[in-house]
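**Student:** Okay, handing you the structure first.
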Amino acid sequence: MKLIGKIFFIVILTPQAIAMERITVNGERITLESAFTLVGASYEAPDTEWDEDDDAAMEEADRRCEILADKKPTNCGAETSILPDGCSSGGIGGVYNDIFHDACNLHDTCYTTRDAAKNACDGNFEIDLKAECLEMNNVTDRRLCFSASTSYVDAVKLAPSSLFFTPAQNDLKCVVWHKAMEQVC
């Protein structure tokens, strides 16, 4: 079974649970404090228990919102998405875009995973593509598939990080920032 990047957000509505809030991105649960860190903000949950009638607690909530609002990632638009979009081979793939669709989605998801490493994502992509080729029964089709998979792998491995990986990591920060803002503000 292959997991393709789905985003779920858990919103905890009780004020007492403020330090326990989680955001789940690409199957990974991260604390709200980690979300702050990911977008370059620092925040530590207060040691005091949240009380809706407590003015200090309300001021603390406003302070969290201000801290986070000031740390909006660069080029972060309202429509930023980290959902996988299949193969974007730019013409090298043709028919293989359909065959490699799941592997491409896994690669997209890897690029938008917190603390991902480009080389690891690209290595897993190569393995996933070759696994697709191994499922072909016809030897000639399998050979052609391996040849096409090499083109796909070379394209991602030779591409500088600034072309796909870094923008994908920035999109992740943007999505996390938007979700944190929804929860905090």
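The values are calculated or read from the model by the stated rules, or taken from the named source; none is laboratory data. Values in this document were obtained by computation on a predicted structure and should not be read as measured data. In this analysis, Cβ positions are derived from the backbone assuming ideal geometry, glycine residues included, and neighbour counts consider all displayed protein chains.
**Student:** With the condition kept exactly as written, say whether any residue in segment 104-119 is over 15 Å from the mean Cα position of the chain (by Cα) and either surrounded by 12 or more Cβ atoms within 10 Å (Cβ to Cβ) or on the phi > 0 side of the Ramachandran plot (or both). Explain how you work it out, then say what you get.
**Tutor:** Within segment 104-119, the subset over 15 Å from the mean Cα position of the chain (by Cα) is 119.
Those still in the list that are either surrounded by 12 or more Cβ atoms within 10 Å (Cβ to Cβ) or on the phi > 0 side of the Ramachandran plot (or both) too: none.
No, every residue in segment 104-119 fails to be over 15 Å from the mean Cα position of the chain (by Cα) and either surrounded by 12 or more Cβ atoms within 10 Å (Cβ to Cβ) or on the phi > 0 side of the Ramachandran plot (or both).
**Student:** Restricting to segment 176-185, and then to whatever is crowded, with 22+ Cβ neighbours inside 10 Å and modelled with pLDDT of 90 or more, can you tell me which residue is farthest from Arg63 (Cα to Cα)?
**Tutor:** If we filter segment 176-185 for residues that are crowded, with 22+ Cβ neighbours inside 10 Å, which is where we start, we get 176-177, 180.
Still in the list and also modelled with pLDDT of 90 or more: 176-177.
Working: Val176: 19, Trp177: 16 Å.
Result: Val176.
**Student:** Just to be sure I understand the filter: pairs with C-beta atoms under 8 Å, separated by 6 or more residues or on different chains, first member in segment 69-86 and closer than 13 Å to Leu38 by Cα, second member small (Gly, Ala, Ser). Which pairs pass?
**Tutor:** Lys71/Gly40; Lys71/Ala41; Pro73/Gly40
**Student:** Here's another thing I want to ask about it. Please pick out the residue among Asp98, Asp122 that is assigned to a helix (DSSP H, G or I) and touching a residue at least 24 places away in the same chain (Cβ under 8 Å).
**Tutor:** Numbers: Asp98 fails: touching a residue at least 24 places away in the same chain (Cβ under 8 Å).
None of the other options fit; the residue is Asp122.
**Student:** Still on this structure, please answer the following. Test Asn105 against the criterion of being within 14 Å of Pro84 (Cα to Cα), assigned to a helix (DSSP H, G or I) and not hydrophobic (A, V, I, L, M, F, W, C), and give yes or no.
**Tutor:** Values: within 14 Å of Pro84 (Cα to Cα): yes; assigned to a helix (DSSP H, G or I): yes; not hydrophobic (A, V, I, L, M, F, W, C): yes.
Yes, satisfied.
**Student:** Tell me whether segment 59-66 contains one or more residues that are surrounded by 15 or more Cβ atoms within 10 Å (Cβ to Cβ), of a type in the set (Lys, Arg), in a helix (DSSP H, G or I) and at pLDDT below 90.
**Tutor:** Taking every residue of segment 59-66 in turn, at least one turns out to be surrounded by 15 or more Cβ atoms within 10 Å (Cβ to Cβ), of a type in the set (Lys, Arg), in a helix (DSSP H, G or I) and at pLDDT below 90.
**Student:** If you don't mind, another one. Just the residues that are within 23 Å of the chain's Cα centre (by Cα), surrounded by fewer than 15 Cβ atoms within 10 Å (Cβ to Cβ) and modelled with pLDDT of 95 or more, please, taken from segment 125-154. Working first, answer last.
**Tutor:** The initial filter retains those residues of segment 125-154 that are within 23 Å of the chain's Cα centre (by Cα), namely 125-129, 152-154.
Remaining after also requiring surrounded by fewer than 15 Cβ atoms within 10 Å (Cβ to Cβ): 127, 154.
Hit for segment 125-154 is Ile127, nothing else.
**Student:** Of the numbered conditions (1) aliphatic (A, V, I, L, M); (2) in a loop (DSSP other than H, G, I, E, B); (3) at pLDDT below 75, Ile23 satisfies every one except a single condition; which is it?
**Tutor:** The number of the failed condition is (2).
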